[in-house]
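Take a look at the structure set out below.
The values are calculated or read from the model by the stated rules, or taken from the named source; none is laboratory data. Computed from a predicted model, the values in this text were never measured in an experiment. Neighbour counts run over all protein chains shown; Cβ positions are idealised from the backbone, glycine included. Note: areas computed on protein heavy atoms with side chains; ligands, DNA, RNA excluded. Shrake-Rupley method; radii C 1.70, N 1.55, O 1.52, S 1.80 Å.
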Amino acid sequence: MVKHQPLQVYERQLCLSCITGIYGCRWKRYQRSHDNTTKVRGNLSPPFLSIFPKYIIFHMGEQASPHKNWELLWTIILLFTFSLLLIWSYFWWEADNDYNEFNWFLYNNSGEWNDGTVPILATTAAGFTYIAFLMIGVTASLLTTIVGIISVNQTWTQEWDIIPISLQATGPFLHIGALAAATALSWIVAGQVARAEKTIFQVVVVLLYLSVLVGLYVLPLYISSPCIMDHRTLKPRPEVFGHQGAPMLAPENTLWSFQRALQMNVTGLEADVTLSVDGVPFLMHDLTLRRTTNVDEVFPDRKTNAASRFNWTDLQQLNAGEWFLKNDPFWTASSMSQKERNLTSKQRVCSLEQLLKMASDHNITLVVRLRRPPRDHPFNSTWINETLQVVQNSGLLQSLVMWTPDDEREQVKQWAPGFIQTSLVKHSPENLHSSGISGLLLRYNQVNTDEITNFSKNNISLTLYTVNEPWLFSMLWCSGVSAVSSEAPHILRKVPSPIWLMSPRNYRLIWVSADLVSFAVVIGIFILQKYRMSGIRSYNPEQIMLSAAVRTSSRDINVMKEKLIFSEVRNGGSAEELYEEQCFDSYTNQSISQKRHSCYENSQPPELLETPRCSLYT
């Protein structure tokens with residue numbers, strides 16, 4: 001007697017397969033557990049026996065399970081969380097140009113200097129990795145990402161502009177990647193369409209997929225990048241100004257920082273100027289001295305006072321370099337030589353006069369950004385005059401000074417007609433010319449490519465800050481910017497040409513070629529999947545796929561056959577005994593539905609009781 005396991009029947013369930021594959025790496029197929037009390041659905045008529053005399057397969061249907069709705073909902077949550085984390089990760093990946101600015105925002109709100117990007121990047125990377133490979137803890141990852149988005153939206157709203165700006169640099173390459181992913185997805189889509197029995201389902205799936213595919217095919221029509229241009233029209237390399245010197249290599253706004261910037265071949269320096277209580281202009285970016293000096297140790301009772309409340313004698317007692325070695329804000333202190341560390345630890349607060357002398361000796365441009373003292377400050381009404389006198393007495397050529405304050409600008413023009421009058425507020429070229437302003441100093445997200453071109457045509461010198469990343473520098477170079485202000489001149493120094501530059505003709509050729517290849521691959525995959533499914537549906541003794549007479553309210557169930565597995569041989573048995581054990585009459589026309597109940601009530605082997613299916617082998 002030959003005893004075998006019954007034929008296994010599986011449901012093709014995309015959501016369930018996706019979840020079990022992600023959680024357990026089991027992608028081939030999944031069989032939902034069945035309840036032994038499930039009622040039998042369907043019937044096999046006698047003609048079926050005449051077609052397949054050696055195989056009788058009866059599929060027992062299952063009752064609709066509420067778990068299926070949860071599977072669909074959970075799959076949607078997984079995909080949504082993954083997409084949200086993908087966007088959130090891309091945002092922080094491209095925002096690395098402005099990490100220092102973000103940390104400064106945090107410092108102004110908390111009063112403590114910490115690298116706030118580290119925990120954000122760590123949690124984002126962990127969440128993305130977790131959701132991408134394991135998909136466990138999706139709720140926590142989703143909530144963390146949403147909280148992060150809301151926080152950034154409230155405290156750093158302007159940084160969202162980095163996404164459309166970065167897409168100008170990465171758009172052509174992301175398009176090729178998305179096209180490749182959509183093409184690869186056709187294997188799954190074609191498989192689902194080939195297995196489906198309802199025509200309406202096939203039509204809907206194909207139309208949805210084709211709409212996405214066609215959208216990707218025509219997407220380059222809407223991709224605009226300044227680096228898609230004729231290389232012969234590329235303008236000269238933008239000048240690079242050291243924003244606060246080279247603050248990634250040395251403490252900001254110190255002489256050592258400006259010296260390091262000069263070593264990186266910058267063409268200009270930019271500094272933040274504050275007026276002391278005794279009328280000495282000095283360099284300080286923050287309102288207080290806590291972040292960049294040891295004021296907590298020297299003047300603990302005055303540590304929260306504004307920097308402009310200190311006189312120059314007090315300021316000279318402060319150390320402005322040890323904080324850099326201690327906090328290592330840009331993770332560069334560890335790469336310093338011992339000599340550089342000694343120079344850094346001895347830095348003091350720098351005066352404007354000292355910086356002007358350095359600029360004069362090297363004959364480079366100086367961008368002066370002034371902060372007006374508080375109302376009760378002794379020099380609140382004369383702060384422009386005090387600073388202007390120091391600049392004029394320094395010996396630096398007026399043509400090398402970019403003057404930014406709007407206060408008393410007309411008076412400054414009379415006293416120093418050679419200054420490059422520069423505005424920190426964007427106006428039209430006509431308004432700028434009428435005000436005698438020939439330069440603009442703006443954040444890089446405040447102008448687009450068309451405005452850059454317009455300013456250039458109207459002889460307005462445009463300087464954008466803060467540009468630290470090569471991709472951003474390259475894009476602005478292609479746009480025609482005349483100068484950039486950077487905290488990383490040592491990085492931009494290594495960018496002698498745009499990272500990528502492509503002619504419109506070559507881009508169109510790549511675009512059309514990629515579309516044609518993708519279309520050909522998709523068509524081939526659909527044909528191959530249809531051929532594979534037609535082969536599986538052919539009936540023969542070795543490979544069977546039967547659609548059982550199952551009726552469900554939710555969807556058709558595709559039935560697949562698994563090879564018969566022989567488990568043991570009973571001594572002295574015969575084929576007739578096997579028929580009797582299975583409660584069937586061999587080669588009779590008696591309806592199986594009339595005996596199916598007794599089949600499971602009388603001396604049924606445990607193997608068949610565990611799986612609600614009956615099969616007959618001769």
What ranking do 203-210, 275-282, 102-109 get when scored by the average of other Cβ atoms within 10 Å per residue, highest first?
275-282, 102-109, 203-210
12 Å beta-carbon shell around V484, net charge (K/R +1, D/E -1)
-2
Could you give the distance between the Cα centres of the range 272-312 and the range 434-476, to the whole Å?
32
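Quote to one decimal, in nm, the extra length available between Y531 and F299 on full extension: 0.36 nm per residue of separation minus the C-alpha distance between them.
Values: separation 232, 0.36 × 232 = 83.52 nm, distance 8.26 nm.
Full-extension gain reported as 75.3 nm.
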Between I200 and D161, what FRET efficiency comes out of the Förster formula 1/(1 + (r/R0)^6) with R0 = 30 Å and r the beta carbon distance, rounded to 0.05?
0.10
Over 24 Å [Cα-Cα, the range 310-438], rounded percent:
47
Quick calc, the range 67-221, dipole around Cα centre from Cβ unit charges on Lys, Arg (+) and Asp, Glu (-), nearest 20 debye, gives 880
Surrounding charge for G242, neighbours by C-beta under 12 angstrom, Lys/Arg +1, Asp/Glu -1, total -2
Relative contact order of the range 239-493 (C-alpha contacts under 8 Å, at least 6 apart) in percent is 20
Distance violations [Cα-Cα > 25 Å] among K457/K494; K235/K494; K235/K426; K426/K457:
K457/K494
Between A520 and V212, the two model label points (7 Å from Cα along the beta-carbon direction) sit apart by a distance in nm of 2.4
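Using r as the Cβ-Cβ distance of R232 and N448, and R0 as 30 Å, what FRET efficiency do you calculate, to the nearest 0.05?
Taking R0 as 30 Å, the efficiency between R232 and N448 is 0.85.
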So, with points 7 Å from each Cα along the Cβ direction, the Y222-R493 label distance in nm works out to 4.3
Taking the range 146-249, which trypsin sites (Lys or Arg not before Pro) meet the DSSP loop condition and have no more than 11 other C-beta atoms within 10 Å?
K198
I'd like to check one number: the per residue accessible area of the range 181-339, probe 1.4 Å, reported in Å² as a whole number.
46
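Quick check: net charge around E430, other residues with Cβ under 14 Å of its Cβ, Lys/Arg +1 and Asp/Glu -1?
Local charge sum for E430: +1.
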Measuring from label point to label point, each 7 Å out along Cα→Cβ, what is the L86 to S435 span in nm?
4.4
Protection proxy (average C-beta count within 10 Å per residue), highest first, orders 485-498, 374-387 as 485-498, 374-387
